[in-house]
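One structure below.
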Amino acid sequence: MKIPAPHLDVRCFAARALSVFSSSDVVEALCSCIAEEDPDLQLDAVNALGNIGDDRAFSQLIPLLDGASEGLRFAATRAIRAMTDTRVRQIFINKLNDGDHFVRLAAAEGLGQYQDDEVRLALRDRLLVDKELGVRLACAKSLVVNNNEQDVDALVQAAFLDGGEQRLEIGALLRKFYPERASEQFIAILDDPEQAYFHRVSIEALQEIHASNVTD
């Protein structure tokens, strides 16, 4: 039997279309799709539930966070961001250590809505050790949202990772995030001849920090 392409599958189309509704019967119908064996239908249902953001779907999404394929784990992690269940915050912290970098990315983005020291420390730790640029940038952005000056040090350190691969992105984030403190740290590196290897990174990060002050 020939299986129809996802865009021709009526159930998948229906699941995607229902993402703009939030009634009880819609949430229940989408939750029932999670139990189906069709991975495309499951994914569309999870994405739709994420758009709706109804806590009634939370218990159905929980099993997918650990036992599903990488794509479903990512979708489920992203889907619970709009939910208010008190367990969401801790799930995101735990998911910063997930083996799939897309899941870690979704968790890092989700943690931007929480402002507390445990979240900040978790984001800082992941920022400085993750090998994926996207995850590191997501951690940096969520730290900036937390707006705590103590996190400037971690962001400056991150600018030098992988030979300064993200120096420009980090510099742009620091432009409105305690730029004076960040500038002092980059300048201190420029003043140290023993750190000449890092001077280019410092210069270009500083250029980004002060880009708004440049006039034509």
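The values are calculated or read from the model by the stated rules, or taken from the named source; none is laboratory data. None of the values given here were measured: they were computed from a predicted structure. Using ideal geometry, Cβ is built from the backbone for each residue, glycine included, and neighbour counts are taken over all protein chains shown. Ligands, DNA and RNA are stripped out before the accessible areas are found, and what is left, the full protein with its side chains, is counted by its heavy atoms. Shrake-Rupley method; radii C 1.70, N 1.55, O 1.52, S 1.80 Å.
So, in region 171-213, exactly how many residues are over 28 Å from S142 (Cβ atoms) and open to solvent by 90 Å² or more (accessible area, probe 1.4 Å)?
Selection size over region 171-213: 4.
Taking the conditions exactly as written (over 21 Å from E208 (Cβ atoms) and out of contact with any helix residue (DSSP H, G or I) (no Cβ under 7 Å at 6 or more places or on another chain)), does D116 satisfy them or not?
So D116 passes the test.
Among the numbered conditions (1) farther than 30 Å from F74 by Cα; (2) at pLDDT 95 or above, tell me where K176 comes up short.
(2)
Can you spot a residue in region 63-78 that is under 14 Å from the mean Cα position of the chain (by Cα) and either loosely packed, with under 13 Cβ neighbours inside 10 Å or among the small types (G, A, S) (or both)?
The answer is yes; a qualifying residue exists.
Tell me yes or no: at least one residue of region 33-41 is of a type in the set (A, V, I, L, M), closer than 18 Å to M83 by Cα and open to solvent by 30 Å² or more (accessible area, probe 1.4 Å).
No - not one qualifying residue is present in region 33-41.
Under 8 Å by Cβ, and 6 or more places apart or on different chains, what pairs join a residue from region 112-128 that is more than 17 Å from D153 (Cα to Cα) with one that is basic (K, R)?
Qualifying pairs under 8 Å: G112/K141; Q113/R81; Y114/R89.
Considering A45, A106, which residue is touching a residue at least 24 places away in the same chain (Cβ under 8 Å), surrounded by 23 or more Cβ atoms within 10 Å (Cβ to Cβ) and touching a Leu at 6+ places or on another chain (Cβ under 7 Å)?
None of the others qualify; the one that does is A45.
Testing K141 on (1) within 11 Å of the chain's Cα centre (by Cα); (2) open to solvent by 40 Å² or more (accessible area, probe 1.4 Å); (3) over 21 Å from A182 (Cα atoms), one condition comes back false. Which one is that?
It fails just one condition, (3).
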